[in-house]
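The values are calculated or read from the model by the stated rules, or taken from the named source; none is laboratory data. Being a predicted model, the structure only gives us computed values, none of them experimental. Glycine gets a Cβ as well: all are built from the backbone with ideal geometry, and neighbour counts include every protein chain shown. Surface areas here come from the heavy atoms of the whole protein model, side chains and all, with no ligands, DNA or RNA. Shrake-Rupley method; radii C 1.70, N 1.55, O 1.52, S 1.80 Å.
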Amino acid sequence: MTTKRGALYLARLAMVVLVATACSMSSTSQGGGGGTGAMRTSMSEPAGAGNDWMTYHGSYQSWHYSPLTEINPDNIKRLQVAWVHHPGRSTRGLQSMPLVADGVLYYTGSYSRVWALDAATGKPIWSYFPKLNDDLVAAQTHSPYTRGIALGQGKVFVGTVDGRLIALDMKTGRPAWDTKLVNSEKLTVGFTGAPLFVKDKVIIGSQGGEWPGRGPIFGVDAASGRKVWEFLTVAGTEESKKTWGNDSWRTGGGGGWMAGGYDAESNTVWWGTGNPAPLYDWAGFEWKTTGPRPGDNLFTTAVIALDPDNGRLKFYHQELPHDAWDFDSAVGEFVMLERDGKKLVVHPNKGGHVFVYDRKDASIVNVWQLTKHINFVKSIDPKTGALIGRRDLPLGKHTNLCPAIAGGMSWNSGAYSPKTGLYYKIGQEWCMDLEVIKTTPVLEPQAQLDIGANFKLRNPEGDKAHGHLSARDPVTGAKKWEVMFPEPPLASLLATGGNLVFVPDPRGMLRAYDAQSGKEVWSHNNGIGHNGGIISFAAKGKQYIAVATGWGSLVGDEFGELFGEPYKSMPKDAGAIVVFTLE
Amino acid sequence: MIRILALTVALSLGPAVAWAQDRAAEAAQIFASTCGFCHQDGGRAAGRGPKLAGTDRPDDYLLNRIRVGKEGAMPAFGRAFSEAQLRALVVYIRSLKDDAR
C-alpha cells in the first residue's frame, strides 16, 4: 500500500525536479541587485567583513570568529549590557544566531518570528510574525524553535516548522515570497535550521533523522522563491538506492537540518546529513543483510558536497556507514582552513570524533577524538576513516553505551581563531543504558518518530556526566588547554580578534576566556541558560557582543533529571537577545 | 494483568483477553518508537518528560495529555493515533511497574 503510493509520489517528485531544473537554466545569470556583491564578499572573507556578521557560521568558512579587537582581556572588565530585546513566546528558549548588516541586527526565534533592530540601541525597526499551522506546530517534536536566518539580495530568509521558506524585504520586513517546500502535514517535520545564501540561491535542509522521510535539501531562487533543485539525502542517486535493502529508502530519515558551509573557490556547498530511521537497528551485527534498513544507508550520517547551481552531488564521505546510534553528521560546522599548502575542511561528528577532509574530494586527512567516553566504536582509522570495532546493538538490553543519544557534540558550533590557530569546541561526556525494540514505522496519517529503543541516560563508568571546552589544533587534535564544566554548555562559541573566546554556559553565565591561555577573564549572569548563538559586530564605531539566551532544547530537556537544579526549575518559555559593549 | 483487565473493561475496549494482549504489544511498540525518546526506560524513569510508571493522574487526564500534548514540551498525538491506540497507550502506562514505590 505504502509502496505504491511512495512510487507515485516519487514519480511526481521527479517531474517537479525536472521541471524546476529546466526552468532554472533560462534564468541562471540573474543574481546581483541590492548590494548582493558587497554581501558576497563579506561572507566569503574567512574572517568575515569585520563590522558585520552576515551568515549563520560568521562566514562561509564556519569560523564563528570576529576580527574585531576593541574588546580584549585587558579591558573586558568594563564589558556591560548595552541593550536587551525580548521577543516574547520564546518556547524552548532562543536557539538562534543573530545576524548583523550595516548597523541592523536581524534575528528569528521560536515560531520563526523575525525582528530587525538598530544594532547599537536595540530599537525595533520592523518585525514579522508568520502565520503558522498551529495544529502542526503542536504535533511536532522538533518545534517551535528556529535556529537562524540568511541574508542576501536585500532580503532576510527564514524557514518555518510547517515546511515553508519565506523571504522578507530587509528594509521593511514585508514578505517578498513564501514558498512551501515540505509536506509537513504528512511528514511531521519542517525547517528549524538556518538557510545558507549562496550566489543567487537560498539553500535549506529539511529535518529527517529518526523521521521516516527522505530528508531533502533545497536550492531556491533568491529572487523569485522558485524551487530550483532538491537533493534527497536518502538515496538521492540510483547508485545509493542499493545501500537500502528491501526498499527501506522510502522511510530512510536523513535530512540536513543545520546550515553548512560554502567553498567559493571550487563552488562547492558542504552539508552534513542526519541519521537513518529507525534510529536503532534490531538487526544488530547482521545489519548488512537483514533488519529494517539493510546496507550502508547513503547519504545518511555523511558530509556531502553539492553544486549550488544545480544541487548535483560532487562527492561525499559517509562518516558512519549504517549509523545505528544517532551519531549523525548534521552538525553544520565546516571549518575551512589551509595547512601545508593543502586546503582542508574540519567537521565534527556527533559521536565525538572530528573529521579532517581534503577539500578537493572529501578524502580523509585525519580523524581525532574530542570526547573521552566513546565505546560505540573502538576507534576510527585516522588514515581511512573506517570504523574499527563497531558496537552494533541487537534486539534486547545493552548497558553503558557511550556517548548517550545526545552525542559527544551537539548541533551548536565551536569557533576557530586564525590568530591563535586554535579550534575551540565543547565536548559532552555521558552514556546510557538501552533496550532495542523492534518497531514498525508509523507513516499514516502523520509520520511519527521512529526510535526503536527505550533508553536511560547515565554517568559514564567511573566518572560523572559532564562537559568540557578545549582549545586544540584543528588538524591534529593536539590539546592546548581545557576547561571542565559540571554540565555540558549547549550554546555556540565565539572567538574574536581581541584574543577572546566566549562560552555561553547552561546555568546562565556568559564567560570569556583568554584565547591563548584558557584563563577566565570575565563573566556575566544572564539569569537563564544559553542554548543558541553568539556573535560580535561593530556599530557606530563600537564593538558589541550579542548572545541569545533561553533554555529548553531537546538536549537541554535531559538536564533536569541528570543534573537537578538549576535545570529542574529553569523556565523553557523565555529568552532574549542580550547585547554587550565596553562602558 | 488484573490491572490491565480492569482498565480494559473500564475503557470498554471489549472483554477478550487475547485482543487486549495484542493491543498491549502494539502499544509497547508505539511507545518505543515515539514516546521513549522523552519518557525514559519505557516510561519507567524521568528524562525529557516525567516518569509515567505509577502516575497518580486519572486516565482521562493521561488520555487528554497524549491527545493534545503540551506546546514546547510534548507533541500532540490526537491525529496520529486512533482512539483504540491512544487507549492502549494508557493501558501500557498503567501496566508499568513502579520500582520506586
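Some observations on this one:
- Only listed residue being within 14 Å of chain B (Cβ to nearest Cβ), assigned to a helix (DSSP H, G or I) and either under 24 Å from the mean Cα position of the chain (by Cα) or closer than 25 Å to residue A:420 by Cβ (or both), chosen from A:557, A:573: A:557
- Elements of type strands (runs of 3 or more DSSP E) in segment A:432-538, at least 2 residues being within 14 Å of chain B (Cβ to nearest Cβ): A:453-458
- Checked against the criterion of being within 14 Å of the chain's Cα centre (by Cα), within 27 Å of residue A:91 (Cβ to Cβ) and at pLDDT 95 or above, the candidates B:75, B:50 yield just one match: B:50.
- So residue A:164, is it within 16 Å of residue A:108 (Cα to Cα), open to solvent by 10 Å² or more (accessible area, probe 1.4 Å), under 22 Å from the mean Cα position of the chain (by Cα) and more than 14 Å from every other protein chain (Cβ to nearest Cβ): yes
- Taking the criterion of being buried (at least 20 other Cβ atoms within 10 Å of the Cβ) and more than 14 Å from chain B (Cβ to nearest Cβ), the residues of segment A:114-142 that qualify are A:114, A:115, A:116, A:117, A:119, A:120.
- Residue A:577, sole failed condition from (1) open to solvent by less than 20 Å² (accessible area, probe 1.4 Å); (2) at positive phi: (2)
- Any chance residue B:96 is of a type in the set (A, V, I, L, M, F, W, C) and within 13 Å of chain A (Cβ to nearest Cβ): yes
- The residues of segment A:412-431 that are assigned to a loop (DSSP other than H, G, I, E, B), away from chain B (no Cβ under 14 Å) and crowded, with 24+ Cβ neighbours inside 10 Å, listed by number, are A:412, A:413, A:414.
- In the set A:180, A:186, A:199, only one residue is within 14 Å of chain B (Cβ to nearest Cβ) and either modelled with pLDDT of 95 or more or open to solvent by 10 Å² or more (accessible area, probe 1.4 Å) (or both); that residue is A:186.
- Complete set of residues in segment A:152-210 that are without any contact (Cβ under 8 Å) to a residue 40 or more places away in the chain and touching a helix residue (DSSP H, G or I) at 6+ places or on another chain (Cβ under 8 Å): A:162
- Filtered by the rule that a residue be without any contact (Cβ under 8 Å) to a residue 12 or more places away in the chain and not in a helix (DSSP H, G or I), segment B:28-42 gives B:36, B:37.
- Annotation note: of A:282, A:211, A:271, the sole residue that is part of a strand (DSSP E or B) and either more than 20 Å from residue A:112 (Cβ to Cβ) or within 14 Å of another protein chain (Cβ to nearest Cβ) (or both) is A:271.
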